[in-house]
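Input: a single structure, listed below in structure tokens.
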Amino acid sequence: MIRLAALAALCLSLSSPAMSQSLPNVAPWDQAFLPPAPEWNGASRALLRDGGDRWATDFERDPAHDFSPNYADTRAWFDRLDQASDLIRIEQFGVSPEGRPLYAVIASRDGAAFDPAKPVLLAQAGIHPGEIDGKDAGMMLLRDIAFYGKSELLDRVNLILVPILSVDGHERSSPYSRPNQRGPRIQGWRNTATNQNLNRDYLKMDQAEMRAVRGLILKYRPDLYVDIHVTDGMDYQYDVTFGYNGENGVWSRSPATAQWLDAVFRPEVYGALEAQGHIPGELVFGLDGDDPKKGLSDGGLGERFSNGWGSAAHVPTILIENHSLKPHEQRVLGTYVFLEAAMRLLAEQGADLRAAATADAALRPAEIPTNFEPDPTPAYTRAFKGIRYETYVSPASGREEIRWLGQADPEVWNLPFYGSRPTLTLARPEAYWVPAHRADVIERLRAHGVQMETLTQPRTVSVEMLRLVDPQVSPRANEGHVPIRVTQVTPERRDWTFAPGSVRVPTDQALGDVAILMLEPQSVESLFAWGLFPEVLSRVEYMEAYAIAPMADRMLAADPALKAEFEAKLAADAEFAANGDARLAWFYERTPFHDDRYRLYPVAREVR
């Protein structure tokens, strides 16, 4: 009890304003609860500047290289870099919910207008602010481009760095944000000021930060988009892992891009990292936390994530997951090496990647696989560099737990790798019609860059409307929404009049797949599935039993086919037969008094 009280007092003191001023020089935890980190002394340490250098970053000035500066200090450092170098400029591209500017740091010889022939690398850090390696690595790389002999990187490539995307979460910082991660010793919070996870927002586009970064992407059209994270989960030897949808030849919405990344990008960047003492690897998601050798999975292919969205939008996207149990210094230096290698590769072969992305953007598949689930059959066996471990019985949990030993296993693990398989295939319509009263949906489509026609006059169109069959409302919220799942729809042909302000969204466009995944209600990534159309579940008007019962009796007497259908329903469904209200509701639904728009999805399909 005394120890718990002392621990609580320590936590309070460390979180107090007075104590926070000294936190850069204090390590409140020795993180002895984490597994030991294997010894590392990579050649990339030569990239570090001496702490006394006027352009040393706060990360480099920290003796342990275990510190990352706050928002204000980061911006002040970049402002100083901008003022001192003609190669660097800062561009604000949005504002956070708490009013902080979102900014990008751009390195280019081209000034404000990029040479369209030059490839563009957009590196994004801090979508999860505790996972901030990309910020510190980007600061070092931009500094070296400006002043320390690497300006030639800009001869044939332009670099855009978003040092902190989730700026509000970044400022909700403390030593207690990510207990499973080894440094930096002060970390930002995973979610935004509105308690949203931005790396679940790529398709639904709820948040100001995500809409802003999408606007930046539309403005500069990067040839490669790099989303920098730090992973959780099992221990292993790799320090820098990265991947993309379609890895190792599996299915992708952007197959030509995936093929280029497989054949060209990955081996080149692996070589650069290995030459600097790092151990690169493919994205790692353990199948079973209690059994590390049970296998690996792809972690899911959903479009709510950057890599899934990039595949659907045909924006070549790399998801970096540095290993959380490696020291912050090692991860930052590995990220630097990755970014520099990517720039050099784009300078040499960026035209080929651009051609691959252009070919992918021209695809118009008639069928769109979606709603992926883990495939129970392994796709292949992956050679894996593991860390030795043992098990022990924990007095706290009362069960066997894993204890990682911090030693490279000399034997390569050959682990089954499980991919994902689609559970739904959507047919590609000619277009969608979104009614004017759903301006919020139209706004999200526009934020994505989806092309559309906006009506200035009413127009009556022959369309296919969807009647939702037994939609299920989730019992709990997710990312600020209450999800709704529907697995079956009934198409109904209608002549529907759309008011001015309504839009026609053709699917014959590069972002056609994005529109389909957003607008088809059965898609688990759709706006409907996220709960943005709850009004269609509300039925308006009803009939009292004293009115519908005599009407139903007359309907039975007048319509033999209806009577036969009703009797078949009684015979097949004992619960229905015993429920008088349900029986009367059955008749009410077959009268013209019934709400015709109940469960009628308001976004229409245009089909041939």
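The values are calculated or read from the model by the stated rules, or taken from the named source; none is laboratory data. This structure is a prediction, so every number in the text was calculated from the model and none was measured. FYI the Cβ positions are ideal-geometry reconstructions off the backbone, even for glycines, and counts take in every protein chain you see. Areas reflect the complete protein model, heavy atoms only, side chains present, ligands, DNA and RNA absent. Shrake-Rupley method; radii C 1.70, N 1.55, O 1.52, S 1.80 Å.
Which longest uninterrupted range of the chain lacks any GluC sites (Glu not before Pro) assigned by DSSP to a loop state (not H, G, I, E or B) and surrounded by at most 10 other Cβ atoms within 10 Å? The partial results should precede the final answer.
Numbers: sites that count: 39, 411, 541, 544.
Excluding the exposed sites themselves, the longest stretch runs over 40-410.
Below 13 angstrom from the Cβ of residue 176, what's the summed charge of the other residues (Lys, Arg +1; Asp, Glu -1)? Intermediate results must be reported in sequence, preceding the final value.
Numbers: positive: 172, 178, 185, 190; negative: none.
Result for the local shell: +4.
Compute the signed sum of charges (Lys and Arg +1, Asp and Glu -1) over the other residues within less than 9 Å, Cβ to Cβ, of residue 283.
Here the charged neighbours net out to -4.
With a 1.4 Å probe and every protein chain kept in, tell me what percent of the accessible surface of the range 140-205 is carbon plus sulfur. Please report the intermediate quantities before stating the final value.
Details: 850 of 1900 Å².
Using a 1.4 Å probe with all protein chains present, the range 140-205 comes out at 45 percent carbon and sulfur.
Looking at the chain, send over the antiparallel percent of its DSSP beta bridges, to the nearest 5.
On the way: 61 of 81 bridges.
So the antiparallel bridges amount to about 75 percent of the total.
Helix 439-448 versus the longest principal axis of the chain: what is the Cα-based angle in degrees, 0 to 90, to the nearest 10?
With both axes taken from Cα atoms, the answer is about 40 degrees.
If you add up the charges near residue 347, with Lys and Arg at +1 and Asp and Glu at -1, over every other residue whose beta carbon is less than 13 angstrom from its beta carbon, what do you get? The partial results should precede the final answer.
Numbers: positive: 109, 118, 150, 156, 344, 354; negative: 115, 152, 155, 223, 268, 340, 348, 352.
The answer is -2.
What dipole magnitude, in Debye to the nearest 20, does the chain give about its Cα centre under +1 on Lys/Arg Cβ and -1 on Asp/Glu Cβ?
On the way: 63 positive and 83 negative charges, 142 e Å.
That gives the chain a dipole magnitude of about 680 debye.
What is the distance in Å between the Cα centres of the range 407-431 and the range 173-224?
So the two Cα centres are separated by 25 Å.
With viscosity set to 1.567 mPa s at 4 °C, what whole-number translational diffusion coefficient in µm²/s follows for the range 184-263 from Stokes-Einstein and a Kirkwood radius over Cα pairs? Spell out each step's value before the answer.
Details: Rh = 15.6 Å.
Approximately 83 µm²/s, per Stokes-Einstein.
What is the helix-to-structure angle for 133-147, meaning the angle in degrees between its Cα long axis and the longest Cα principal axis of the chain, kept from 0 to 90 and rounded to the nearest 10?
50 degrees
Could you check how much of the accessible area of the range 480-608 is carbon and sulfur, as a whole percent, using a 1.4 Å probe?
Working: 3470 of 6670 Å².
Accessible surface attributable to carbon and sulfur in the range 480-608 totals 52 percent.
Direction-averaged shadow area of the convex hull around the Cα atoms of the range 301-357, nm²?
Working: hull surface 19.1 nm².
Answer in nm², one decimal: 4.8.
Need one number: convex hull volume per residue for the range 96-169, Cα atoms only, in Å³. Before the final figure, lay out each step's value.
Details: hull volume 6.9 nm³, N = 74.
Normalising the Cα hull of the range 96-169 by residue number yields 93 Å³.
How many Å² of accessible area per residue for the chain, probe 1.4 Å?
Details: 26460 Å² over 608 residues.
Here the residues of the chain average 44 Å² of exposed surface.
Taking a probe of 1.4 angstrom, what is the accessible area of residue 234 in Å², to the nearest 10?
30 Å²
May I ask for the distance between the Cα centers of the range 545-608 and the range 439-511, given as a whole number of Å?
After rounding, the separation between the Cα centres reads 27 Å.
For residue 150, go through the aspartates and glutamates and keep the ones whose alpha-carbon is under 18 Å away, minus same-chain ones fewer than eight residues off.
50, 53, 82, 86, 110, 136, 340, 348
Alpha carbons only, please: Rg and Dmax for the range 484-608, in angstrom.
18.9, 56
Would you mind checking 294/385; 118/219; 135/385 for any pair whose Cα atoms are more than 19 angstrom apart? If you can, show how the numbers build up before the last one.
On the way: 294/385 14 Å; 118/219 15 Å; 135/385 28 Å.
Checking Cα-Cα distances, 135/385 exceed 19 Å.
Once the Cα atoms of helix 328-361 and of the chain are each reduced to a long axis, what angle between those two axes, in degrees from 0 to 90 to the nearest 10, is obtained?
50 degrees
Please report Rg (one decimal) and Dmax (integer) in Å for the Cα set of the range 242-291.
Rg, Dmax (Cα atoms, Å): 13.0, 37.
What trypsin sites (Lys or Arg not before Pro) in the range 349-404 are in a loop by DSSP, with at most 10 other Cβ atoms within 10 Å of the Cβ? List each step's numbers first, then the result.
Values: sites: 354, 382, 385, 388, 399, 403; in loops: 385, 399.
Loop-located and lightly packed - 399.
Kirkwood hydrodynamic radius for the chain: how many Å is it when counted over pairs of different Cα atoms? Write out the running numbers ahead of the final one.
Working: mean 1/r = 0.0371 Å⁻¹.
That comes to 27.0 Å for the chain.
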